[in-house]
Amino acid sequence: MGYTHYWEVNKTVTPEEWKNYKAFVRKAIELIDGTRWSNCAAGDNRDTPIDEILQVNIRGGDGTGAPYVAPDETDLVNEETTAGVDTDNEPMVEDIIWLNGDAADDLDNETFYVSLDDTGFNFCKTARKPYDTIVLACVIAGEKMGVFKSWSSDASSRDEMRSGFALYYKTLENL
C-alpha cells in the first residue's frame, strides 16, 4: 500500500486528444525537470515536511535516462532520433508515456506509464517522492483532455494535491 494516483484510459481517445496530451506531458517535463519545487504531497512522509522545496529530476520509467513521451506520427521519420531507450538499451518508438523520479538519489518509485492500448484500471504509487507533482499534473490533464475517463488519488487533503494542480495550470499557460 502507498500513496497512489489512479486513472482509466478512455477507449475512444482521438488522435488529436492523444497528440495534445503528449504535448502537455512534454511541456510539464520541460517546466519541472531540474527545478526546485514545493512538494505538497510530502505531508505524511515522515522524512519530508509538507511544503519543503525539493529538487525534481524526471527520468525514464526505470528511474534512469531521459523520460519518454512518444513522438507524434509525423515525427517518426527516423527511429534513431527518437528520445528514450528501453531496458535493453534499444531506441523506443512505442506510442507511450514512460517516466519516473531519479533512481540515483532514491527518488524513484513506480513508473508512470500511459498507453492507449492499456484501457483498463491503471495506477502509479509515487510514495510522495518529488516526481509526484508531475504524475498528478499528468493524471489531472489526462481527464481534462479526454484521454482518461476518470482519475482519483489517495491524497487525504487538497493541500497534498496543490503542487500537482499548480504544475497543471502552469503547463496549460505555457502550451
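The values are calculated or read from the model by the stated rules, or taken from the named source; none is laboratory data. All values derive from a computational prediction rather than experimental measurement. For neighbour counting, all protein chains shown are included, and Cβ atoms are generated from backbone atoms with ideal geometry for every residue, glycine included.
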Looking only at region 28-40, and only at residues there that are out of contact with any Pro (no Cβ under 8 Å at 6 or more places or on another chain) and surrounded by fewer than 19 Cβ atoms within 10 Å (Cβ to Cβ), the one that is modelled with the lowest pLDDT: SER38
When residues of region 95-125 are limited to those that are among the charged types (D, E, K, R) and in contact with a Lys or Arg (Cβ under 6 Å, 6 or more places away or on another chain), the one farthest from SER153 (Cα to Cα): ASP102
Region 11-27 - residue that is among the aliphatic types (A, V, I, L, M) and in a helix (DSSP H, G or I) and, of those, surrounded by the most Cβ atoms within 10 Å (Cβ to Cβ): VAL25
Test: SER153 is within 25 Å of ALA103 (Cα to Cα) and of a type in the set (Gly, Ala, Ser): yes
Residue match in region 51-60 (condition: at pLDDT below 90, outside any loop (DSSP other than H, G, I, E, B), among the aliphatic types (A, V, I, L, M) and farther than 29 Å from GLY146 by Cα): yes
Residue check for PHE123: surrounded by 22 or more Cβ atoms within 10 Å (Cβ to Cβ), modelled with pLDDT of 85 or more, on the phi < 0 side of the Ramachandran plot and touching a strand residue (DSSP E or B) at 6+ places or on another chain (Cβ under 9 Å): no
